[in-house]
Amino acid sequence: MYRPDRGPAGILTALAASAVLLIAAMPAADAAPTTETVQGRYVRIVSSADWDAAAAMGPGASVRWDLVVSAAAPEPGTLRLGLSATGDASITVDARLCPTAWQGETCTEGERLLRSAWTVPRDGRTVALDEIPADAVAHLRLDVRLDAREDPAVTQLRVQAEGFGDRIQTGPTPALPATGGSVPVVAIAGGAALLVAAAVLLLVGRRRRGGEDS
């Protein structure tokens, strides 16, 4: 019957293999964006962002949040767009609007800058971003940055669209930055390195003790 090596060399081999398994089990760094549709009676928001990346972002890091707001309007009117936040994590937003779909980083027609390096109030009130005709489509792009992170501080962002009696909202779940989110690659790799280093020290220590006893 095979018996695993219980000596220092066996421990080192086992820990090294565990480190490899940890790294292999990590999620891909570039996760696909999550798309969510919120539909009211007339107003619709389609939201798309990589919330997995957002949950793990550190101070100064940012996440791209794209939203398409439209309405099946029963009559001429206006859609009002706004943003609200609650929480303890300071969030800064750049907000831009394009009347047509974004082509990568480019708005091919009439881009408008709504907010630049805006520290979002976190008192829960909805701050107006823009108004558009009900028969238009708003391609809203938000670049959301975390100013500082002091765990377990989180902030919940909500984009709101209102018109024709509808008032609908969408936002990331969980809040930003999420506690207990994805463990950064550096942290996992660092932990694996510490495991291997500890095994090496254990091996060297045992060999030295063995030499002293001989």
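The values are calculated or read from the model by the stated rules, or taken from the named source; none is laboratory data. From a predicted model like this one, the values you see are computed outputs, not experimental measurements. Reconstructed Cβ throughout: ideal geometry from the backbone, glycine too, with neighbour counts over all protein chains shown.
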### Message
Going residue by residue through region 146-155, is there one that turns out to be surrounded by fewer than 17 Cβ atoms within 10 Å (Cβ to Cβ), among the charged types (D, E, K, R) and either modelled with pLDDT of 95 or more or out of contact with any Pro (no Cβ under 8 Å at 6 or more places or on another chain) (or both)?
### Response
yes
### Query
Which residue pairs have Cβ atoms under 7 Å apart, sit 6 or more places apart or on different chains, and have a first residue in region 25-41 that is assigned to a loop (DSSP other than H, G, I, E, B) and a second that is modelled with pLDDT under 60 and surrounded by 12 or more Cβ atoms within 10 Å (Cβ to Cβ)?
Met26/Val185; Met26/Ile188; Pro27/Ser182; Ala29/Val185
#### Entry: Unmet criterion (only one of (1) of a type in the set (S, T, N, Q); (2) crowded, with 18+ Cβ neighbours inside 10 Å; (3) within 24 Å of Gly165 (Cα to Cα)) for Ser90
(3)
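Can Pro74 be described as assigned to a loop (DSSP other than H, G, I, E, B), in contact with a Phe, Trp or Tyr (Cβ under 9 Å, 6 or more places away or on another chain) and not charged (D, E, K, R)?
Working: assigned to a loop (DSSP other than H, G, I, E, B): yes; in contact with a Phe, Trp or Tyr (Cβ under 9 Å, 6 or more places away or on another chain): yes; not charged (D, E, K, R): yes.
Criteria met by Pro74.
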### Query
Just a yes or no: is a residue in region 113-124 exposed (fewer than 15 other Cβ atoms within 10 Å of the Cβ), within 21 Å of Val46 (Cα to Cα) and without any contact (Cβ under 8 Å) to a residue 60 or more places away in the chain?
yes
### Query
How about region 79-167: which strands (runs of 3 or more DSSP E) wholly inside it have at least 1 residues that are touching an Asp or Glu at 6+ places or on another chain (Cβ under 8 Å) and assigned by TED's automatic domain parsing to the domain that holds Ala55?
91-98, 112-119, 138-146, 155-163
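So which residues in region 66-78 are touching an Asp or Glu at 6+ places or on another chain (Cβ under 7 Å) and of a type in the set (Gly, Ala, Ser), if there are any at all?
First, pick out the residues of region 66-78 that are touching an Asp or Glu at 6+ places or on another chain (Cβ under 7 Å): 73, 78.
Of everything in region 66-78, just one residue is touching an Asp or Glu at 6+ places or on another chain (Cβ under 7 Å) and of a type in the set (Gly, Ala, Ser), namely Ala73.
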